[in-house]
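One structure is given below, encoded as structure tokens.
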Amino acid sequence: MSDGTSDESSISLLIVDDHPVVRDGLRGMFESAPGFVVLGEAANGEEALERAAALDPDVILMDLRMPGGGGVAAIAHLTRTGARAKVLVLTTYDTDSDTLPAIEAGATGYLLKDAPRDELFTAVRAAAEGRTVLSPAVASRLVSAVRAPKAPGNEPLSAREREVLALVAKGTSNREIARELFISEATVKTHLTHLYAKLGVNDRAAAVATAYERGILG
């Protein structure tokens, strides 16, 4: 077990996943390899933000779908606050609704959990250097998404639009959303206008219903 300290040549890691067995497996894998040190673990996005602030890791291995706070919102917050850590998404999901928002939110890389051990080590080293790492399946999806014409109601939401939509789903008013996200009410309305257009809807209720239907919220 690592003591949470590292020398200057080691890449320090924070492992974020809601499954303890996955965290244990990743910790064991990295602690058995030279050049890595695991500083800590987190079970959801909110806990990840607290641990990242306290531990200041080089790289955060981030799952996406977790009860108690998902990965995309955490990535967006880390990006917005100028966190030093690079985020490498490690998940079982490679759908457009997961891939695009994570990259847009600021993830440095995106790998699937079936990636070979050596590929994961290489990806973490690359992420620590700020280089983008994408699994082949994810890379092809991103290329297709960039090349495909954006049909009304089929364009991915930005990280901030997803934040606004999540608050709308909780019944939060525009004023409360503005206060929580530290933006103006006018900006909230702009985000709503944009996400309505992307979802192909005209009001809050339809936006929430459509978002749940497509798995954007859940």
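The values are calculated or read from the model by the stated rules, or taken from the named source; none is laboratory data. None of these values were measured; they are calculated from a predicted model. Please note: Cβ atoms are built from the backbone with ideal geometry, for glycine as well, and neighbour counts cover all protein chains shown. Each accessible area value is taken on the protein alone, full model and side chains, heavy atoms only, with ligands, DNA and RNA left out. Shrake-Rupley method; radii C 1.70, N 1.55, O 1.52, S 1.80 Å.
In table form, for the structure just shown:
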item	result
Considering residues of the range 73-90 that are touching an Asp or Glu at 6+ places or on another chain (Cβ under 8 Å) and either at pLDDT below 90 or open to solvent by 40 Å² or more (accessible area, probe 1.4 Å) (or both) only, the residue farthest from R125 (Cα to Cα)	A73
Those residues of the range 184-218 which are open to solvent by less than 40 Å² (accessible area, probe 1.4 Å) and either at positive phi or of a type in the set (A, V, I, L, M, F, W, C) (or both), in sequence order	V188, L192, L195, L199, V201, A206, A207, V208, A211, I216, L217
Among the residues listed as Y110, Y93, the single one being of a type in the set (F, W, Y), open to solvent by less than 30 Å² (accessible area, probe 1.4 Å) and not in a helix (DSSP H, G or I)	Y110
Restricting the range 184-218 to residues that are more than 21 Å from the chain's Cα centre (by Cα) and assigned to a loop (DSSP other than H, G, I, E, B), the residue that is nearest to T99 (Cα to Cα)	G200
Single match in E104, E129 (criterion: open to solvent by 40 Å² or more (accessible area, probe 1.4 Å), without any contact (Cβ under 8 Å) to a residue 60 or more places away in the chain, among the acidic types (D, E) and within 15 Å of A73 (Cβ to Cβ))	E104
Residue within the range 47-61 that is at pLDDT 95 or above and in contact with a Pro (Cβ under 9 Å, 6 or more places away or on another chain) present	yes
Qualifying residue in the range 119-133 (condition: at pLDDT 90 or above, farther than 30 Å from V21 by Cα and either over 19 Å from the mean Cα position of the chain (by Cα) or assigned to a loop (DSSP other than H, G, I, E, B) (or both))	no
